[in-house]
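Take a look at the structure below.
The values are calculated or read from the model by the stated rules, or taken from the named source; none is laboratory data. Treat the numbers as computed from the prediction; the structure is a model and nothing was measured. Virtual Cβ from ideal backbone geometry, glycine too; neighbours counted across all protein chains shown.
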Amino acid sequence: MSFLGFLKPKKREKLVESDQDRGILVFEHTSEVIRAESVLKASGWKIRVMGPPPEIQSGCDLVIEFPLIEELNILRTLQKVGASPLEIVPVSSPLLRPVDLFQIKDFDQYLMVRAANMKLTVEKKNLNIVNISGGGCPDVPYLAQEMVGKSLSKAPNPREIGHTLCGYALQLAYEEMTRKCSP
Amino acid sequence: MLAIVGTVPDQKFPLSTGKVSLKEDEIWIQGRRVHVNRGTPALLAAAVKTGEALGQSELFGYLIGDIGLGKGSRNLYEYLTENLGRSEFSAITFHYLQPDVDWHNRVLSAIKEMVKQPVLIADAGFMYAAKMSGQAAAYDLFTPDVGELAFLADETAPHPFYTRGFILQDEKRAPDLIKRAYAHKNASRFLLVKGKKDYLSDQDGIKATVDSPACEAMEAMGGTGDTLTGIVAALIESGMEISKAAIVAAKANRLAGYYARPTPATQVIEIIRQIPGALEEILEEKVAATK
């Protein structure tokens, strides 16, 4: 190495591909897999059709691997064309299921519901959404921008305008809040 | 110089890089402005306010519009991969980006090309990607809340949404979750866990806790975690040791919240306005304590 060698940028390391952020769409019939594949590829998603991992006991002989973080957006795309999957699981651990525990906090005039990493708070007297917090995907600030200040019944639904797993978690908090605030 | 990397909730906001300033309630970068509400703009605003209070130079921003579709984040990842290796930042904070392990790994690889390694801080989506990549230990500081801590503690979870039920996201279990996150190498050198009680820890265990002043309403407010990350990033940039910076930041964020007299409906800009006064008070206390 020359005297000034330490000032030179270092060599780039070889990258190892990871499937930790990938999910699996399970369908009942192969025909649905083919339909979903063409719809998702046409929409520009990086997906691949493959055989199911041994942990998956349901569905047909083919599954689709997809970017898990974008589950909400992909699910909405498939629902629109009537190709909803039977099941969605993470590649890293196919037996994992979405969080189904809610934390409720009563602030007197306000009620907060937390689902996974997302929190939704409404003012009890008028059911206006006053705050959304938590989460780390870029649709969280967008969802907050679109929903805060609107009533629970009139605000856009996270399922409709969210795109990621954080959006999905907010949808669960939103549904739980709606249940809690129903007469 | 401190760099902050993140997104803004406007699809049309183009890739913008450069020095960041705060005017009223808006962040300015490359002649463009974005309203401070929550997310990366709130982190930037808190870092700018902290930097001003400490008499620091401006900070550098990498921002792009993304509403969760991921396209903006991927464009930003690509830009960082091509440019970070030649940069000379002393600290970099990564924030609201679409979690993408492959892109994360490329960005980390670009950072390793830098002549002098910066302090690496991650929160939000980029922290999720760092954990999923198995390279959490490459980072100096993560700033998770308790839901995110449960995700770090669950070695199988690809996202907080898929954290296993038996790993309760109960604040009382934070010490166990911290231990578990380190045991599975899913934690950074230091963890600053924000919650009813804030925990600073490293792999040897909990080093400090901060629980006052307590403003319960802050838990419901969007952006209070972002402000904490912004404050600690700017304190680290000032030369303060990470562990000291984390404790000062936790105290200052709480005190700023206290002075804002928040309700669960308060918006985070109210807290950001209180940061300089709160920080001054905490730093004065610290100086007095050493005399």
Practice task
Please work out if B:Lys286 is modelled with pLDDT under 95, assigned to a helix (DSSP H, G or I) and either touching a helix residue (DSSP H, G or I) at 6+ places or on another chain (Cβ under 8 Å) or surrounded by fewer than 20 Cβ atoms within 10 Å (Cβ to Cβ) (or both).
Solution key: yes
Exercise for the section: Under 8 Å between Cβ atoms, at least 6 apart or on separate chains: pull out the pairs that start in the range B:122-135 with a residue that is assigned to a strand (DSSP E or B) and end on any residue that is surrounded by fewer than 24 Cβ atoms within 10 Å (Cβ to Cβ). Expected result: B:Ala122/B:Tyr139
Practice task
For B:Arg38, work out the one condition from (1) within 14 Å of chain A (Cβ to nearest Cβ); (2) modelled with pLDDT of 95 or more it doesn't fulfil.
Solution key: (2)
Handout entry: Test set (1) surrounded by fewer than 19 Cβ atoms within 10 Å (Cβ to Cβ); (2) more than 8 Å from chain B (Cβ to nearest Cβ); (3) touching a Leu at 6+ places or on another chain (Cβ under 8 Å); (4) not polar (S, T, N, Q) - A:Lys105 fails condition number
Key = (2)
Problem - Top-ranked residue in the range A:131-183 [being under 22 Å from A:Leu68 (Cα atoms) and of a type in the set (Asp, Glu); ranked as farthest from the chain's Cα centre (by Cα)] - result: A:Glu175
Completion exercise
Selection from the range B:212-235 of residues more than 14 Å from chain A (Cβ to nearest Cβ) and surrounded by fewer than 24 Cβ atoms within 10 Å (Cβ to Cβ) yields B:Ser212, B:Pro213
Fill in the blank from the handout: Per the list (1) of a type in the set (D, E, K, R); (2) closer than 21 Å to B:Glu241 by Cα; (3) without any contact (Cβ under 8 Å) to a residue 60 or more places away in the chain, residue check on B:Asp140 breaks on (3)
Handout entry: Scope the range B:1-57; condition touching a residue at least 60 places away in the same chain (Cβ under 8 Å) and over 17 Å from the mean Cα position of the chain (by Cα); matching residues
Key = B:Gln11, B:Leu15, B:Thr17, B:Asp25, B:Glu52, B:Ala53, B:Leu54, B:Gln56
Handout entry: Residue identified as among the hydrophobic types (A, V, I, L, M, F, W, C), farther than 19 Å from B:Pro160 by Cβ and crowded, with 16+ Cβ neighbours inside 10 Å among A:Ile74, A:Ile88, A:Ile56
Key = A:Ile56
Handout entry: Residue, surrounded by the fewest Cβ atoms within 10 Å (Cβ to Cβ), within the range A:145-183, restricted to residues that are in contact (Cβ under 8 Å) with a residue 24 or more places away in the chain and of a type in the set (Ser, Thr, Tyr)
Key = A:Ser153
Practice task
From (1) more than 20 Å from the chain's Cα centre (by Cα); (2) small (Gly, Ala, Ser); (3) within 14 Å of another protein chain (Cβ to nearest Cβ), pick out the condition that doesn't hold for B:Gly257.
Solution key: (1)
Exercise for the section: Provide a single number: the residues in the range B:26-37 that are of a type outside the set (A, V, I, L, M, F, W, C) and closer than 12 Å to B:Val48 by Cβ. Expected result: 1
Exercise for the section: Report yes if some residue within the range B:160-175 is within 11 Å of chain A (Cβ to nearest Cβ), closer than 26 Å to B:Ala220 by Cα, in contact (Cβ under 8 Å) with a residue 24 or more places away in the chain and surrounded by 24 or more Cβ atoms within 10 Å (Cβ to Cβ); otherwise report no. Expected result: yes
Problem - Residue ID - surrounded by the most Cβ atoms within 10 Å (Cβ to Cβ), chosen from residues in the range A:119-132 that are of a type in the set (A, V, I, L, M) and at the interface with another protein chain (Cβ under 8 Å from one of its Cβ atoms) - result: A:Ile132
Practice task
Residues being of a type in the set (Val, Ile, Thr) and without any contact (Cβ under 8 Å) to a residue 24 or more places away in the chain: count how many of those fall in the range A:104-141.
Solution key: 2
Practice task
Quick one: A:Tyr110 ticks every box in (1) within 24 Å of B:Met127 (Cβ to Cβ); (2) buried (at least 19 other Cβ atoms within 10 Å of the Cβ) except a single one, so which number is it?
Solution key: (1)
Practice task
Among the residues of the range A:152-183, write down those that are of a type in the set (S, T, N, Q) and within 12 Å of chain B (Cβ to nearest Cβ).
Solution key: A:Thr164, A:Gln171
Fill in the blank from the handout: Condition set among the charged types (D, E, K, R) and surrounded by fewer than 20 Cβ atoms within 10 Å (Cβ to Cβ), scope the range B:73-101, selection farthest from the other protein chains (Cβ to nearest Cβ): answer is B:Glu78
Handout entry: Single residue of the range A:75-102 satisfying the filter (more than 7 Å from every other protein chain (Cβ to nearest Cβ), within 13 Å of the chain's Cα centre (by Cα) and within 24 Å of A:Met177 (Cα to Cα)) that is modelled with the lowest pLDDT
Key = A:Arg97
